[in-house]
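Working notes, beginning with the structure itself.
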Amino acid sequence: MMPVPGIYGVTTMAGLNKSVPQPTEIKLHQKSRLLEIAFADGKSFQLPCEFLRVYSPSAEVRGHGPGQEVLQVGKRNIDITKIEPVGSYAIQLTFSDSHDTGIYSWDLLYDYGMRQDEMWQHYLKRMEEAGASREPGSAPFEQRPKSK
């Protein structure tokens, strides 16, 4: 099993992995809340807005080191409201809850696409363990992991 970024202290740095193919197309499907990204190697991924928000590469979500991750709750109906290019290596997403501090490199998006199922199951397990909900307004807090 490969480590999940931001959960086991592994991060994908923007533009460092030159073997990751470049994207050829990025589409936001607003009604279905999916970001579709196609890469030069022929792989294409549909990443839900909620998935991208709860796995934002920002310090606000990932924390400043291993064990500092913040469980994102109530994000089921989140939308992407803006997509901005960041150089030639990433995009910055703005979400409907005003979150806009994550930089999504091509490396990161490719990795997320390859491991989406594994990462989503891990997120759902964390939510269940915390007794938290994906529904907006059902939990007025974001939960940090328990200290060991």
So what is the accessible area of the range 34-111 per residue, in Å², with the probe set to 1.4 Å? 38 Å²
Please list, in order along the range 105-117, the HN-Hα scalar couplings obtained from phi with the Karplus expression 6.51 cos²θ - 1.76 cosθ + 1.60 (θ = phi - 60°), rounded to whole Hz, x for Gly and Pro. 6, 4, 4, 5, 5, 5, 4, 4, x, 5, 10, 4, 4
Within straight cross-link reach of residue 43, meaning Cα distance under 19 Å, which aspartates and glutamates are found once same-chain residues fewer than 8 apart are removed? 25, 107, 111, 117, 118
Treat the range 41-86 as a sphere of radius equal to its Kirkwood radius over Cα pairs and apply Stokes-Einstein at 10 °C in a medium of 1.306 mPa s; give the translational diffusion coefficient in µm²/s, rounded to a whole number. 128 µm²/s
Return an integer: the convex hull volume of the alpha-carbon atoms of the range 21-148, in Å³ per residue. 111 Å³
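The values are calculated or read from the model by the stated rules, or taken from the named source; none is laboratory data. No experiment lies behind these values; they were computed from the predicted model shown. Calculation scope for accessible area: heavy atoms of the full protein, side chains included, ligands and nucleic acids excluded. Shrake-Rupley method; radii C 1.70, N 1.55, O 1.52, S 1.80 Å.
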